[in-house]
Structure formats: structure tokens, C-alpha cells
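The values are calculated or read from the model by the stated rules, or taken from the named source; none is laboratory data. Computed from a predicted model, the values in this text were never measured in an experiment. Because the Cβ atoms are built from the backbone with ideal geometry, glycine has one as well, and the counts that use them run over all protein chains shown.
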Amino acid sequence: MSREAPWFKFYAARWLGDRTIRHMTPEQRGYLIQLWCEAWESSPAGTLPEDPEMLWKLAGAPNRKRFEKLSGPVLAQFDLRDGRYFHAELIELHEGLAAVHESRTRAALKGAQARWSSRKAMPNALPNAKQTHGDSNANQNREEKEEKRSDALPGTRKWEIEQMQIAYNDDLKKLARKMRLV
């Protein structure tokens with residue numbers, strides 16, 4: 001879910017108002033926020049492994065001994081069960097974001113289906129444009145664009161020659177149109 005929810009809500013009032021967090025050392029608060037982020041990205045979301053060897057590394061502690069000395073109040077923010085630490089608030093936030101993502105995805109699909117099903121009634125409609133000319137003009141313009149495409153790289157001699165040829169052909173077409181008008 002990290003692609004759909006790369007962030008989580010951080011409530012400053014909760015952080016500052018929680019007495020347990022306020023009594024932590026700055027190092028413990030750093031471990032806590034680091035573990036919250038790790039739990040958010042974990043699968044299942046909002047959980048951490050019980051493995052002490054992994055926990056101190058996930059927390060960003062300098063070593064396991066230091067983490068174990070300070071981790072009591074930090075890990076107390078999580079519930080331990082079934083071999084994992086669970087953070088109820090993160091799980092709830094993640095599920096809420098997942099539900100919003102799912103409903104938006106369904107709405108987008110519904111809108112796309114409505115949009116494209118209405119196009120079936122107008123098979124000659126151009127996407128994002130008004131059709132002002134007959135099909136023959138559209139085909140002619142498409143063919144001209146295909147003729148102008150090249151595999152030559154811009155800035156190369158081949159590309160410069162092709163550009164000159166295109167300009168020359170355009171000039172000939174303009175001259176032919178002018179001669180017809182006279």
C-alpha cells in the first residue's frame with residue numbers, strides 16, 4: 001500500500017500532548033517516529049516484527065544494547081501479539097486511506113466507462129477536439145504528418161536535409177495554391 005499511501009497523518013497536538021511521549025528522551029522520540037514510519041511501510045501495515053535484532057536496526061539505534069536500554073517506553077506505544085508489534089492508530093489510518101483510495105478508483109473507472117461508452121455513439125468524434133473538416137481532410141493531414149516523421153536525429157546532417165526538403169515541399173504547395181487562386 002505504500003504506493004497508494006506514502007504518508008500518514010501526524011497529529012502535532014497528540015505528539016506534544018501525550019505525557020508518555022513528552023517524558024521520553026529525544027533519542028527515544030527519534031526511535032518512536034522511525035518505528036512508526038517503518039510500521040507504516042510494513043506488511044501488514046501498522047506492524048513491526050518482534051525480532052529484537054531487526055527492531056534496533058529499524059529504529060536506527062547505534063547498537064542493540066543501546067536500543068534495549070531505551071526501548072521500553074517506545075515499544076509500549078505498540079501492542080505485542082502473535083509475534084508482531086501492532087500500532088492501532090496507524091492501522092486505522094492505513095485502512096481509512098485504503099478505503100478512500102478504493103472508492104476513488106471505483107469512481108474514476110465509472111467516469112471513464114461513462115465517457116468512453118458515450119464515444120461509441122459518435123465513432124467519428126476526435127478526442128479533445130471539435131471535428132470541423134470531413135474525413136478526407138483528416139486522412140490527408142495524417143498522411144502528411146506521417147511523411148514528415150523521420151528516424152533522423154535532430155542536429156545531424158540527415159535531419160537538416162530532411163528539414164530542408166520539408167520546407168521546400170511546403171513552399172511548392174503554397175505556390176501551387178497561389179497559382180490556382182490567380
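Elements of the type helices (runs of 4 or more DSSP H) sitting completely within region 22-81 and holding at least 2 residues that are in the same structural domain as ALA5 (by TED's automatic domain parsing), closer than 27 Å to GLU95 by Cα and small (Gly, Ala, Ser): these cover 26-41.
Only one of LEU175, LEU80, LEU153 is in contact with a Phe, Trp or Tyr (Cβ under 7 Å, 6 or more places away or on another chain) and either at negative phi or modelled with pLDDT under 80 (or both). Can you tell me which? Can you show your working first?
Working: LEU175 fails: in contact with a Phe, Trp or Tyr (Cβ under 7 Å, 6 or more places away or on another chain); LEU80 fails: in contact with a Phe, Trp or Tyr (Cβ under 7 Å, 6 or more places away or on another chain).
Matching residue, one of LEU175, LEU80, LEU153: LEU153.
For region 50-106, the set of residues classified as under 27 Å from the mean Cα position of the chain (by Cα), more than 22 Å from THR20 (Cα to Cα) and among the aliphatic types (A, V, I, L, M) consists of LEU97, ALA98, ALA99, VAL100, listed by residue number.
Taking region 83-131 as the range and being out of contact with any strand residue (DSSP E or B) (no Cβ under 7 Å at 6 or more places or on another chain), modelled with pLDDT of 75 or more and not in a helix (DSSP H, G or I) as the test, the residues that pass are GLY83, HIS87.
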